[in-house]
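The values are calculated or read from the model by the stated rules, or taken from the named source; none is laboratory data. Owing to the predicted nature of the structure, the values given are computational and were not obtained by experimental measurement. Don't worry about glycine lacking a Cβ; one is built from the backbone with ideal geometry, like all the others, and counts go over all protein chains shown.
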Amino acid sequence: MNNMFSNIVVTGGAGFIGSHFIDLLIEKGIADHIIVIDNLSSGSINNIRDKLDTGKVELVVADLKNFDNSWVNKFRDADAIIHLAANPEVRISSIEPKIHFNENIVATFNVLEASRINDVDIHFFASSSTVYGDARTIPTPETHPYAPISVYGASKAACEILYHSYHSLYGFSIAIARYANIIGSRSRHGVIVDFINKLRRDPMKLEILGDGTQRKSYLHVIDAVNASLLLLQLCARNKGYHVYNVGNHDWITVKEIADIVVDEMGLNNVEYIFRPSTCDGRGWYGDVKFMLLDITKLRELGWTPSMTSTEAVRRTVRELLKEL
């Protein structure tokens, strides 16, 4: 479905997932012009520099928390919005909850208002599996109620509710992706980056947050953006409010991730030091210990992950060892 859009706005487009999404949009010829809005707090121009040189991608350095014409006017000619901008650090929400309120909820409200004012009604939003909290059903379907245990998860749930309101009031067509743990090249936070950095500082021991039995689903960013593009096309084709889990069909423990990192770094006899923050072995307060999404609904659209969680972790370790 080439040349589906004339102009797409991608918030957070210089970031980890955003830059990979832009790569795919250009590869598939989905948009004639892409406007990236990013404050570069966690993103990097280097992630999209080669795309900027082509003239197909325009970068606007702006903060979505501030509603001003430096970026709002860029929505004027947009056909669709891909909203990826957010603070991705789940752990920080237990220490500085206001960060996630401002950078996730306030920024999302401003994106929706800019869209309403400029009549942009096709939206893709990157949500999170954390909206489910400690899920009662595993694998967890999209019908599971909101039950976040972190401010990050609560902020994503609040954003979803805002999106539903704009769908109901203003007819926005929306696709929401509830991501599992997305990993891959260009990522600069999360357990794999943490382990690599720690082992480079001290290759004889590794501090692991939690008791190591935390088990979660991991999806490579290449699979994630392919699923996300499918959902963007879905909401452009079938106007409505679409919510889909985007994850893997299996999961992996934190200790198993540590074993892969140690192996790929060629280390031996590494001492693991486990640092649980809670009596049941979580890495921090607000950490979901077990997460596996039911991806049946997404698979019915014809998508399936190309890598298992273990394969995605190993590939990511190799990619990051070259980058970091």
Taking the criterion of being in a helix (DSSP H, G or I), of a type outside the set (A, V, I, L, M, F, W, C) and more than 27 Å from Gly190 (Cα to Cα), would at least one residue in segment 22-42 satisfy it?
yes
One residue from Ser150, Ser155, Ser173, Ser128 being in contact with a Lys or Arg (Cβ under 6 Å, 6 or more places away or on another chain), farther than 24 Å from Ile222 by Cβ and crowded, with 17+ Cβ neighbours inside 10 Å:
Ser173
Might you check whether a residue that is touching a Phe, Trp or Tyr at 6+ places or on another chain (Cβ under 8 Å) and at pLDDT 95 or above occurs anywhere in segment 189-204?
no
Would you mind stating whether Asn226 is among the polar types (S, T, N, Q), farther than 26 Å from Pro145 by Cα and surrounded by fewer than 18 Cβ atoms within 10 Å (Cβ to Cβ)?
no
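Restricting to segment 312-323, count the residues that are acidic (Asp, Glu) and either touching a Gly at 6+ places or on another chain (Cβ under 8 Å) or crowded, with 16+ Cβ neighbours inside 10 Å (or both).
1
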Among (1) in a helix (DSSP H, G or I); (2) surrounded by 14 or more Cβ atoms within 10 Å (Cβ to Cβ), there is one condition Ala86 misses while meeting the rest; what is its number?
(1)
Scanning segment 15-33 for residues that are over 15 Å from Ala177 (Cβ atoms) and in contact with a Leu (Cβ under 6 Å, 6 or more places away or on another chain) gives Ala31
Among the residues of segment 168-188, are any modelled with pLDDT under 95 and more than 20 Å from Arg136 (Cα to Cα)?
yes
Residue in segment 186-201 that is buried (at least 22 other Cβ atoms within 10 Å of the Cβ), of a type in the set (A, V, I, L, M, F, W, C), assigned by TED's automatic domain parsing to the domain that holds Phe274 and touching a residue at least 60 places away in the same chain (Cβ under 8 Å) present
yes
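If only one of Lys74, Lys98 is of a type in the set (D, E, K, R), part of a helix (DSSP H, G or I) and surrounded by 15 or more Cβ atoms within 10 Å (Cβ to Cβ), which one is it?
On the way: Lys98 fails: surrounded by 15 or more Cβ atoms within 10 Å (Cβ to Cβ).
So the residue among Lys74, Lys98 that is of a type in the set (D, E, K, R), part of a helix (DSSP H, G or I) and surrounded by 15 or more Cβ atoms within 10 Å (Cβ to Cβ) is Lys74.
Being surrounded by 14 or more Cβ atoms within 10 Å (Cβ to Cβ), hydroxyl-bearing (Ser, Thr, Tyr) and either assigned to a helix (DSSP H, G or I) or free of Cβ contacts under 8 Å to residues at least 24 places away in the same chain (or both), is that true of even one residue in segment 237-249?
Kept after step one, since they are surrounded by 14 or more Cβ atoms within 10 Å (Cβ to Cβ), are these residues of segment 237-249: 239, 241-249.
With the extra rule that they be hydroxyl-bearing (Ser, Thr, Tyr), the set shrinks to 241, 244.
Right, trim to either assigned to a helix (DSSP H, G or I) or free of Cβ contacts under 8 Å to residues at least 24 places away in the same chain (or both) and you get none.
Looking through segment 237-249, none of the residues is surrounded by 14 or more Cβ atoms within 10 Å (Cβ to Cβ), hydroxyl-bearing (Ser, Thr, Tyr) and either assigned to a helix (DSSP H, G or I) or free of Cβ contacts under 8 Å to residues at least 24 places away in the same chain (or both).
Would you point out the residue of segment 1-33, among those that are over 19 Å from the mean Cα position of the chain (by Cα) and among the β-branched types (Val, Ile, Thr), that is surrounded by the fewest Cβ atoms within 10 Å (Cβ to Cβ)?
Step one: list which residues in segment 1-33 are over 19 Å from the mean Cα position of the chain (by Cα), which gives 1-7, 26-33.
Applying the additional criterion that residues be among the β-branched types (Val, Ile, Thr) yields 26, 30.
Details: Ile26: 16, Ile30: 21.
For segment 1-33, the residue satisfying everything is Ile26.
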Kindly establish whether Thr304 is within 16 Å of Asp211 (Cα to Cα) and either in contact with a helix residue (DSSP H, G or I) (Cβ under 6 Å, 6 or more places away or on another chain) or in a loop (DSSP other than H, G, I, E, B) (or both).
no
For segment 158-205, what are the residues that are in a loop (DSSP other than H, G, I, E, B) and either of a type in the set (Gly, Ala, Ser) or at negative phi (or both)?
Gly171, Phe172, Ala180, Gly184, Ser185, Ser187, Arg188, His189, Gly190, Asp202, Pro203, Met204
